[in-house]
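First comes the structure, then the notes that go with it.
None of the figures in this text is laboratory data; all of them are computed from the coordinates on show. On a predicted model such as this, the values are computed, not experimentally measured, just so you know. Cβ placement follows ideal geometry from the backbone for every residue including glycine, while neighbour counts extend to all protein chains displayed.
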Amino acid sequence: MKKLPLLPHAFQKLGFILFLPFLALGIASIGWDFEFPWLSYKVAHTFNQHIIDFDTQNLTDEIAAVGNIITMMLIAFSKEKTEDEAIQFFRLASLQWAVIVNYIVLIICILAIYGAGFLTVMMYNMFTILIIFNIRFRFVLFMHNKASV
Amino acid sequence: MKNKIKIQRAIHNLTQDDLAKKIRVSRQTINTMESGKYIPSTALALKMASVFGVSVEELFQLEEGD
């Protein structure tokens, strides 16, 4: 079978090491409006769809979001120590599982949450597929390893 | 799908670890295949059959419902 492209195993360790600081930064930034003062820049953003406006923005939350996505991608799509076809199968199955669970939860949220609250749902929804996938995949690998002890 | 991996392993006096190294998978994967929880690809089934010197049909048999 043609193997799917994956990063070397070392990237997974890097992902695990960097994930917690970025998660902490994300929580601090959302929960307590934490900002690094030296990350304030004048950035361009579109205003009223057509006019480009320049505004001073603090990039702490952007860096936290991008950092969380990249570290979770590193954890998800790096080779395991002994990568074989069973693990590739578990990875794909977990991805399918995560997409289904994510959209079931999203459908419930669409029907149950309205207005500004829904923006919060969409914000978390940017990360939920990767979060659910990583939890499911690690759980399946844990059971795979445990079953053969 | 039924399989005779465990029996063939015993005949050839191989541990799960020995077989895993020969066909380049993890020991856990051998265990999962033996218990029928994971069905290997054709390539892996052929590799295992060649290690044991048997045909794939001797190693794997379809069950009702497959």
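Hey, could you check the range B:38-57 for residues that are within 8 Å of chain A (Cβ to nearest Cβ) and not aromatic (Phe, Trp, Tyr) and say which is nearest to residue B:3 (Cα to Cα)? Reasoning before the result, please.
Pass one, the range B:38-57, residues within 8 Å of chain A (Cβ to nearest Cβ): B:38, B:40-41, B:43-44.
With not aromatic (Phe, Trp, Tyr) added as a condition, the list becomes B:40-41, B:43-44.
Numbers: B:40: 11, B:41: 14, B:43: 16, B:44: 13 Å.
Filtering first and then ranking leaves B:40.
One line per residue, one yes/no per condition, for (1) away from chain B (no Cβ under 14 Å); (2) in a strand (DSSP E or B); (3) touching a residue at least 60 places away in the same chain (Cβ under 8 Å):
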{"residue": "A:21", "(1), (2), (3)": "yes, no, no"}
{"residue": "A:45", "(1), (2), (3)": "yes, yes, no"}
{"residue": "A:66", "(1), (2), (3)": "yes, no, no"}
{"residue": "A:75", "(1), (2), (3)": "yes, no, yes"}
{"residue": "A:87", "(1), (2), (3)": "no, no, no"}
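Report whether or not residue B:57 is over 22 Å from residue A:93 (Cβ atoms) and part of a helix (DSSP H, G or I).
On the way: over 22 Å from residue A:93 (Cβ atoms): yes; part of a helix (DSSP H, G or I): yes.
When the stated conditions are applied, residue B:57 passes them.
Taking the numbered list (1) over 23 Å from residue A:88 (Cβ atoms); (2) within 14 Å of chain A (Cβ to nearest Cβ); (3) among the polar types (S, T, N, Q); (4) crowded, with 18+ Cβ neighbours inside 10 Å in turn, residue B:8 passes all entries but (2). Suppose the filter is assigned to a helix (DSSP H, G or I), at the interface with another protein chain (Cβ under 8 Å from one of its Cβ atoms), among the hydrophobic types (A, V, I, L, M, F, W, C) and crowded, with 19+ Cβ neighbours inside 10 Å; does residue B:33 pass it? Yes. For the range B:11-20, a residue qualifies if it is within 10 Å of another protein chain (Cβ to nearest Cβ) and not hydrophobic (A, V, I, L, M, F, W, C), and exactly one does: B:16.
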